[in-house]
1. Cβ-Cβ under 9 Å, sequence separation 6+ or interchain: first residue in the range 25-41 and under 14 Å from M10 (Cα atoms), partner of a type in the set (K, R) and at pLDDT 85 or above. Which pairs?
2. Please identify the pairs in which a residue from the range 99-126 that is more than 25 Å from F24 (Cα to Cα) has its Cβ atom under 6 Å from the Cβ atom of a residue that is assigned to a loop (DSSP other than H, G, I, E, B), counting only partners at least 6 apart or on another chain.
3. Return a yes/no flag: does the range 78-88 have any residue that is modelled with pLDDT of 90 or more and loosely packed, with under 12 Cβ neighbours inside 10 Å.
4. Looking only at residues that are at pLDDT 90 or above and among the small types (G, A, S) in the range 5-35, which one is surrounded by the fewest Cβ atoms within 10 Å (Cβ to Cβ)?
5. Among the residues that make up the range 37-49, is at least one of them among the basic types (K, R) and either open to solvent by less than 90 Å² (accessible area, probe 1.4 Å) or modelled with pLDDT of 85 or more (or both)?
6. Within the range 89-114, work out how many residues are within 19 Å of P79 (Cβ to Cβ), open to solvent by 50 Å² or more (accessible area, probe 1.4 Å) and in contact with a Leu (Cβ under 9 Å, 6 or more places away or on another chain).
7. Out of the residues in the range 53-77 that are modelled with pLDDT under 85 and β-branched (V, I, T), state the one that is surrounded by the fewest Cβ atoms within 10 Å (Cβ to Cβ).
Amino acid sequence: MFVQFYDCRMDEAIEPNLKAYQSFAAFFNRQLKKEARPISASPLDELSLYQVVIYLAPGNYHAFHSPTRWIAKQYRHVPGLLLSVRPSLLYKVPHLFCLNERVVLNGTWKHGFFSMSAVAATNVGDIVIDTFLYW
């Protein structure tokens with residue numbers, strides 16, 4: 001019912017059979033086919049990009065990947081709440097991302113400082129960073 005209600009794109013999953021997932025967390029972190037999330041080859045104008053917020057709706061794939069090659073030099077877990085981060089709530093709860101549990105990675109890339117944060121939310125309270133050591 002969850003897959004149908006949230007229109008989960010199981011055609012993008014390497015394993016489309018729901019019975020193959022041992023848990024709800026495993027489903028949220030399912031592996032996708034390479035062509036499901038292509039990375040743009042467009043050059044990035046570093047002077048005009050300051051931040052990007054990517055909202056993962058309940059039906060979305062919930063693993064996240066680095067947008068570039070970089071070296072994470074600092075890892076910080078910040079305990080907090082698990083409030084919903086749906087866009088309509090952001091206007092009603094000031095500093096919502098600062099209230100929720102999060103993991104902040106700071107480091108460097110070819111253009112200097114780089115930071116990436118993962119924010120937990122309702123029903124998605126576990127943030128696992130397991131590959132940044134290999135970048």
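The values are calculated or read from the model by the stated rules, or taken from the named source; none is laboratory data. Just so you know, these numbers come straight off a predicted model, no measurement behind them. Reconstructed Cβ throughout: ideal geometry from the backbone, glycine too, with neighbour counts over all protein chains shown. For the accessible areas, the whole protein counts, side chains as well, though only heavy atoms, and no ligand, DNA or RNA atoms are used. Shrake-Rupley method; radii C 1.70, N 1.55, O 1.52, S 1.80 Å.
1. L32/R9; A36/R9
2. Cβ pairs passing all conditions: G107/W70; W109/T68; W109/W70; H111/E46; F114/W70.
3. Checked against the condition, which is being modelled with pLDDT of 90 or more and loosely packed, with under 12 Cβ neighbours inside 10 Å, the range 78-88 yields at least one hit.
4. The selected residue is A20.
5. If we filter the range 37-49 for residues that are among the basic types (K, R), which is where we start, we get 37.
Retained after the next criterion (residues that are either open to solvent by less than 90 Å² (accessible area, probe 1.4 Å) or modelled with pLDDT of 85 or more (or both)): none.
No; the residues of the range 37-49 include none that is among the basic types (K, R) and either open to solvent by less than 90 Å² (accessible area, probe 1.4 Å) or modelled with pLDDT of 85 or more (or both).
6. Of the residues in the range 89-114, 2 are within 19 Å of P79 (Cβ to Cβ), open to solvent by 50 Å² or more (accessible area, probe 1.4 Å) and in contact with a Leu (Cβ under 9 Å, 6 or more places away or on another chain).
7. Only one residue fits best here, namely I54.
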